[in-house]
Amino acid sequence: MPLPLPNLDDRAYADLITEARSRIPQEYPDWTDHNPSDVGIILLELIAWLTEMVLYRVDRIPDKNILTYLQLLNGPEWQLTGDLESAIQQTLTVLRQRYRAVTPADFEQLVLEQWPQSDRALALGEATTVQRLTCLPHRNLSLSDPEAASGDAPGHISLVIVPAADPHSTALPQPSLALRQSLWQWLDDRRLITTQHHVVGPTYVSVQLAAELVLLEGAPLPKEVRQQAIAALEQFFHPLTGGEQGTGWPFGRSIYPSEIYELLDHQPGVDYVRTVTLQANPNVTQVPLLAHELVTIAINPNDIVIREAWEIYE
């Protein structure tokens, strides 16, 4: 807990004299004459008077000094255009904005909040929209060797960005070369000198999935149930709209058959899910992903088997 600071500018002459006299017995016990005629008391009164005059100026900074401080903070070409109070508030607002990228959180906030309004982003147009990203310290994901890229790289930091979906394309979202280069150059002025940064796109891991569903009595046609199940799976694992929060499948999050069981079990017309197989192996309990990886589900319609209840118990 910080020590409370005294308010110096409200101490009057009488307060200063009283405090000074109270300390005489502690500091100089032989000084016993405290009458106004004593030379020492006269000096204390003179010092107290001067101190009171100086304290009056505490917290009373002239406007000229404030203008000088503002010019130091804003640059030599800065000029006051409005009232002084507004200039102070505007300067403080600018100073509190994040500019330097030091931590992974700094990189992420700069890209998501300030990059879209930058001159480089505006010059590229709509293609500069970064919808998701993750920042990985001690990683150089620009290396072509996957094993080396996933290894420890002190002094390096990698930003994995996912752009907004292209409405005219069904391909998985990947940042363009122009976006990666422009964003790298924009961050180059904000990074620490000892940091080497890299801007890359995500690595998509293809996961094969198969399932066997048992229908409720009176359920829709098997073809419709299959289409709904495939659409739900693609939506759930989508890099921009998937995941439990609907903000995209999390970077590096493993895939578990249990959550696929739950997802398919809630589809209209499904009584229960009999089996779920990942990577063509019924014994797989999870598919792990690295921190910079996302998932793309490879589903063959024939791998989503639809059965009626009577087929199971016949």
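When the chain is treated as a GNM with alpha-carbon contacts under 10 Å, the residue of A231, A48, A105 showing the greatest mean-square fluctuation is A48. With the convex hull drawn around the C-alpha atoms of segment 62-146, the volume per residue stands at 167 Å³.
For the pair segment 45-118 and segment 219-243, the centres of their Cα atoms are 55 angstrom apart.
Taking only the Cα atoms of segment 141-208, the ratio Rg/Rh comes out at 1.02, with Rh defined as the Kirkwood radius. For L124 and E224, FRET efficiency with R0 = 41 Å and r from the beta-carbon atoms, rounded to 0.05? Plugging the Cβ-Cβ distance into 1/(1 + (r/R0)^6) gives 0.45.
Derived value for the chain: Kirkwood hydrodynamic radius 26.4 Å. Basis is the mean of 1/r over every pair of different alpha-carbon atoms. Ordering 132-140, 292-300 by mean Cβ neighbour count within 10 Å, with the highest value first, yields 132-140, 292-300.
Between D152 and V284, the FRET efficiency from the beta-carbon distance, with R0 = 22 Å, is close to 0.20. A Förster distance of 41 Å, applied to the separation of the beta-carbon atoms of H138 and Y69, puts the FRET efficiency at 0.55. Measuring gaps between exposed loop sites in the chain (chymotrypsin sites (Phe, Trp or Tyr not before Pro); DSSP loop; at most 12 other Cβ atoms within 10 Å), the longest gap, sites not included, is 100-314. The calculated pair-distance distribution of segment 96-137 uses every alpha carbon pair, bins of 5 angstrom beginning at 0, and gives 5, 23, 29, 23, 16, 5 percent.
Every read-out reported here was derived from the displayed coordinates using simple, explicitly stated rules and does not represent laboratory data. On a predicted model such as this, the values are computed, not experimentally measured, just so you know. Don't worry about glycine lacking a Cβ; one is built from the backbone with ideal geometry, like all the others, and counts go over all protein chains shown.
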